[in-house]
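Note sheet for the following structure.
The values are calculated or read from the model by the stated rules, or taken from the named source; none is laboratory data. Source: prediction; values computed, not measured. Here Cβ is always computed from backbone atoms with ideal geometry, including for glycine, and neighbour counts include all displayed protein chains. Protein only, heavy atoms only, side chains kept; ligands, DNA and RNA dropped before computing areas. Shrake-Rupley method; radii C 1.70, N 1.55, O 1.52, S 1.80 Å.
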Amino acid sequence: MAITIKDVAKLSNVAPSTVSRVIANSPRISEKTKIKVRAAMDELGYHPNFIARSLANQSTRVIGLVLPNSTDVFFQNPFFPTVLRGLSDGANERQYALQISTGKTDEEIYEGVIQMVQGGRVDGVILLYSRIEDKVLNYLKERKFPFVVIGKPFKDVETITYVDNDNYLASKEATNYLLGLGHKQIGFIGGDLNFVVTIERLLGFEKALREAGIQSEDDYIIHSEFLREGGQEAIRKLINLKNPPTALVVADDLMALGVLNTLIEMNISVPEDISILSFNNVLFSELSHPPLTSVDINIFELGFQASKKLIQLLENPNEPVKRMIVPHQLVKRFSCSENK
């Protein structure tokens, strides 16, 4: 015979409604009562029927995740598995599941989101990127469908809940670090200019140079995909300049790994011949040769807070728009040295 909420309520000496609130993790129930009820559930082997509860509440308890259109970037760049861990932990805390939507083109992504939303498959959506122009974001806004962005929106900032780093400040600080080491010929390798994160980091880089009285050189600024191959292509162009840079700000660790690999092939030493500073502080940045000086943007926390903010919107439709800035930190290793 199946165990019911009434059986749990009887064993824990509370009302069935209290058991329901414990299952929903209601803040109205004390921790002492939650512990008692959960102990009774464990003893009886009771497992809540979330499908039935979702039907009753007209809720799927599923969060849709929208990825960039480049599957290569998603599967190869460690940023995404790490941010997914944060998203998953945040969702699991409130017993939500995740559904991933992606595509090879912007149109495929857009159609996938329409199917998720209009098909009633998800309660809300998290965009794992922020673009300058984005049909998906505009669609969600027009439908007034709950969503959160990982990254600063390009426009309508005051009306969209988002989680991000201060990428402008982080890039400015990173560039100032290289300036402090005596470098004046500093290059910048960034990602796709359609992503707001690329623009923010480029602006911070250029601001630091201007404040130091240095004119940024167009030849020193290259944009490519957030992949190892992107870094390889960029560094070949920079090294072949008449006066190549003595230091680089690279917008992503995977790109920086491509830079390192290519420099090794060219018998150019890091940091003796050129210093490299990158972003994200993923695991291999510590394991590379030499270990990379990198800006830790706390990727896991970006995902965790995005889940948390969306669930707050779902559970309280009157929740105000929020801006969450996750702190960053420069982790100094061995890929930068003084310019002699």
Problem set entry | Filter on K172/K308; K10/K34; K152/K308 - keep pairs with C-alpha separation over 21 Å | K172/K308
For this session: Using the charge dipole of the chain (Lys, Arg: +1 at Cβ; Asp, Glu: -1 at Cβ; taken about the Cα centre), state which of P27, S288, P16 has its Cα farthest towards the positive end.
Result: P16
Problem set entry | Helix-only CD estimate at 222 nm, as mean residue ellipticity for the chain, using -39500 (n - 2.57) per DSSP H run (n ≥ 4) | -14000 deg cm²/dmol
Exercise. Between N138 and L44, what length comes free when the chain is fully extended (0.36 nm per residue of separation minus the Cα-Cα distance, one decimal in nm)?
Worked result: 29.0 nm
Problem set entry | Ranking by accessible area, most exposed first, for D164, D42, D7 with a 1.4 Å probe | D42, D7, D164
For this session: Could you please report the charge total around Q312, scoring K, R as +1 and D, E as -1 over all other residues with beta-carbon less than 14 angstrom from its beta-carbon?
Result: +1
For this session: Putting +1 on Lys and Arg Cβ atoms and -1 on Asp and Glu Cβ atoms, find which of V326, I276, M255 reaches farthest to the positive end of the dipole of the stretch 185-340.
Result: V326
Seminar exercise, completed: Note on the stretch 63-213: alpha-carbon gyration tensor, axes a ≥ b ≥ c; rule is a/c under 1.5 for rounded, else prolate if a/b larger than b/c, else oblate; result prolate
Exercise. What are the trypsin sites (Lys or Arg not before Pro) within the stretch 182-239 that DSSP puts in a loop, where the Cβ has at most 14 other Cβ atoms within 10 Å?
Worked result: K184
Exercise. How far, in degrees from 0 to 90, does helix 106-118 lean away from the longest principal axis of the Cα atoms of the chain, to the nearest 10?
Worked result: 20 degrees
Seminar exercise, completed: Here the stretch 261-275 yields Karplus 3J(HN,Hα) values (6.51, -1.76, 1.60; θ = phi - 60°; whole Hz; Gly and Pro given as x) of 4, 5, 5, 4, 4, 8, 6, 10, 8, 10, x, 4, 9, 8, 9
Exercise. What is the extension gain from T102 to T4, computed as 0.36 nm multiplied by their sequence separation minus the C-alpha to C-alpha distance, in nm to one decimal?
Worked result: 31.4 nm
Seminar exercise, completed: Which of (i) 1.00; (ii) 1.08; (iii) 0.96 gives Rg/Rh (Cα atoms, Kirkwood Rh) as computed here? It is (ii)
Problem set entry | 0 to 90° range, to nearest 10: angle between helix 196-211 axis and the chain longest Cα axis | 40 degrees
Problem set entry | Within the stretch 162-239, GluC sites (Glu not before Pro) in DSSP loop having at most 16 other beta-carbon neighbours inside 10 Å | E217
For this session: Tell me the label-point distance for the pair S17, K155, using the 7 Å Cα-to-Cβ offset, in nm and rounded to one decimal.
Result: 4.9 nm
Exercise. Under the definition of Cα pairs under 8 Å and six or more residues apart, what whole-number percent is the relative contact order of the stretch 151-203?
Worked result: 44 percent
Exercise. Of all chymotrypsin sites (Phe, Trp or Tyr not before Pro) in the stretch 296-334, which ones are in loop regions per DSSP and have a Cβ with at most 16 other Cβ atoms within 10 Å?
Worked result: F334
Seminar exercise, completed: Given the candidates T198, A91, N267, the one whose Cα lies deepest towards the positive end of the charge dipole of the chain, counting +1 at each Lys or Arg C-beta and -1 at each Asp or Glu C-beta, is A91
